[in-house]
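A.B. asks: Sharing a structure with you now.
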């Protein structure tokens, strides 16, 4: 069974067998905004699967949203990454390299643009709820410390297709001085996720395995090198 964020759906489904595509469940993008809600929703989805088995989660730690997730009767297999950005970039090394460039980076993806999960969409929603002045204040509190807006895509076609939307968001974010960049990511980690979904017994140190009756903790995501330069010695290798 696979339970993953909807942001990975199009890429992951292309790599899964028909059998696993039918057994994959993709959760709403918006859950990442509230880690506690992500935790509750994901736990409910895990608990609802009655037949004991191995469940691959298409999530990272995600703002501690997966901290405290319990396996129950199942075995959980989780990518050992901070969030889905590392999955979309292809490795934790690539993620750390981008962090070293600019820690204050907001990432856009095809999935988030399709769902409308971006600062401009948020501003419009807040305006409807609270009015323009209050919405502007809320947005300033959230985004004033960001310095970069990066659009990640896995193909030049996706870059060209979604660039107009990304640029519209970038124009809105200029008020905080965010510079706009584009990055061609890699499907390497998503391919690994698909491969582990087919053969869970092959999960290695790129994944965390939570046995039945155990609980996932944020500490399990620690212990790896914290700089891209160190991780480049062996990309996504042993901690």
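The values are calculated or read from the model by the stated rules, or taken from the named source; none is laboratory data. In this text, all values refer to a predicted model and were calculated from it rather than measured experimentally. Reconstructed Cβ throughout: ideal geometry from the backbone, glycine too, with neighbour counts over all protein chains shown.
For every residue, the table says whether it meets (1) closer than 23 Å to residue 148 by Cβ; (2) without any contact (Cβ under 8 Å) to a residue 40 or more places away in the chain; (3) surrounded by fewer than 14 Cβ atoms within 10 Å (Cβ to Cβ); (4) within 15 Å of the chain's Cα centre (by Cα).
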{"site": "5", "(1), (2), (3), (4)": "yes, no, no, yes"}
{"site": "39", "(1), (2), (3), (4)": "no, yes, no, yes"}
{"site": "46", "(1), (2), (3), (4)": "no, no, no, no"}
{"site": "53", "(1), (2), (3), (4)": "no, no, yes, no"}
{"site": "75", "(1), (2), (3), (4)": "no, no, no, no"}
{"site": "82", "(1), (2), (3), (4)": "yes, no, no, yes"}
{"site": "88", "(1), (2), (3), (4)": "yes, no, no, yes"}
{"site": "100", "(1), (2), (3), (4)": "yes, no, yes, no"}
{"site": "110", "(1), (2), (3), (4)": "yes, no, no, yes"}
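A.B. asks: Pick from segment 198-239 the residues that are at pLDDT 50 or above and in a helix (DSSP H, G or I): which of them is nearest to residue 69 (Cα to Cα)?
C.D. replies: Here the answer is 218.
A.B. asks: Kindly indicate which of 66, 61 is touching a residue at least 60 places away in the same chain (Cβ under 8 Å) and in contact with a helix residue (DSSP H, G or I) (Cβ under 6 Å, 6 or more places away or on another chain).
C.D. replies: From the options 66, 61, the qualifying one is 61.
A.B. asks: Also, quick follow-up: When the residues of segment 143-158 are narrowed to those that are over 17 Å from residue 179 (Cβ atoms) and surrounded by 16 or more Cβ atoms within 10 Å (Cβ to Cβ), which ends up modelled with the lowest pLDDT?
C.D. replies: Residue satisfying both the conditions and the ranking: 154.
A.B. asks: Answer yes if at least one residue in segment 136-152 is without any contact (Cβ under 8 Å) to a residue 24 or more places away in the chain and part of a loop (DSSP other than H, G, I, E, B), and no otherwise.
C.D. replies: Within segment 136-152, none of the residues are without any contact (Cβ under 8 Å) to a residue 24 or more places away in the chain and part of a loop (DSSP other than H, G, I, E, B).
A.B. asks: Please enumerate the residues belonging to segment 55-72 that are at positive phi and surrounded by 20 or more Cβ atoms within 10 Å (Cβ to Cβ).
C.D. replies: Result: 62, single match.
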